[in-house]
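Novice: Handing you a structure now.
Coordinate-derived values only; no laboratory data. Keep in mind it's a predicted model, so treat the numbers as computed, not measured.
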Amino acid sequence: MLDGQPIATQEAGDKMLVELYRKYAGDYPKFFKMDTLCRLGWVAAEILLKKQSVDAVILANCSASIKNDTDYLATISEGKYYPSPSLFVYTLPNIVTGEIAIRHHIQGETSFYILEKEEQLEPIVNSTLAAQPELCVMTGWCECSEANKFYAKLNIIWNN
């Protein structure tokens, strides 16, 4: 949904993220190297930032990068040890905020917090805005525990 209106998609799961990428961006080939968490946050930000630029990105979830961590672990199972560098880079959940910042030339804060509940992010964002009231911040919850099980809810907050 964007501004309360559903965004029509034909696909589900990770294929839906590719569909949304093609519909709203389509010009960032690095997208196809990203893990699902990164694709999710990146596509959600791409849709949201069509209307407004921001100075900072503050995201959170409760599972860190567990889906990609599990995929990476599978590359170093017993009897073989060929870890995948392309998977390793996404074993940090803050990569999604970095990818968003690169795409949108955001030079301010980019933070990713691991929290138990969505509600715990609000005081962090409020504290950031209290310290720097001129900021316009994209913030929200970006959760991906499985390839086809994910959730993103992003907002733009500014003090005007």
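Novice: Once phi is turned into ³J(HN,Hα) by the Karplus curve 6.51 cos²θ - 1.76 cosθ + 1.60 with θ = phi - 60°, what whole-Hz value does each residue of the stretch 79-95 show in order, with x for glycine and proline?
Specialist: Ordered by residue, 3J(HN,Hα) equals x, 9, 9, 10, x, 8, x, 5, 7, 4, 4, 9, 7, 10, x, 6, 4 Hz.
Novice: Quick one: which residues, 5+ away or cross-chain, put their amide H under 5 Å from the amide H of Ser111? H built at 1.01 Å from N.
Specialist: So Ser111 has HN proximity to Val57, Ile58, Leu59.
Novice: How large is ³J(HN,Hα) for each residue in the stretch 112-123, as worked out from phi by the Karplus curve 6.51 cos²θ - 1.76 cosθ + 1.60 (θ = phi - 60°), to whole Hz, x for Gly and Pro?
Specialist: My calculation for the stretch 112-123 gives 10, 10, 9, 10, 6, 9, 4, 4, 6, 6, 3, x Hz in order.
Novice: Kindly provide the pair-distance distribution of the stretch 1-148 built from C-alpha pairs, with 10 Å bins from 0 and whole-percent values in order of increasing distance.
Specialist: In whole percents, the pair-distance histogram is 11, 38, 36, 13, 3, 0.
Novice: Which whole-Hz couplings ³J(HN,Hα) result when phi for each residue of the stretch 20-29 is put into the Karplus expression 6.51 cos²θ - 1.76 cosθ + 1.60, θ = phi - 60°, listed in order with x for Gly and Pro?
Specialist: Per residue, the Karplus-derived 3J(HN,Hα) values read 5, 4, 5, 6, 9, 9, x, 10, 9, x Hz.
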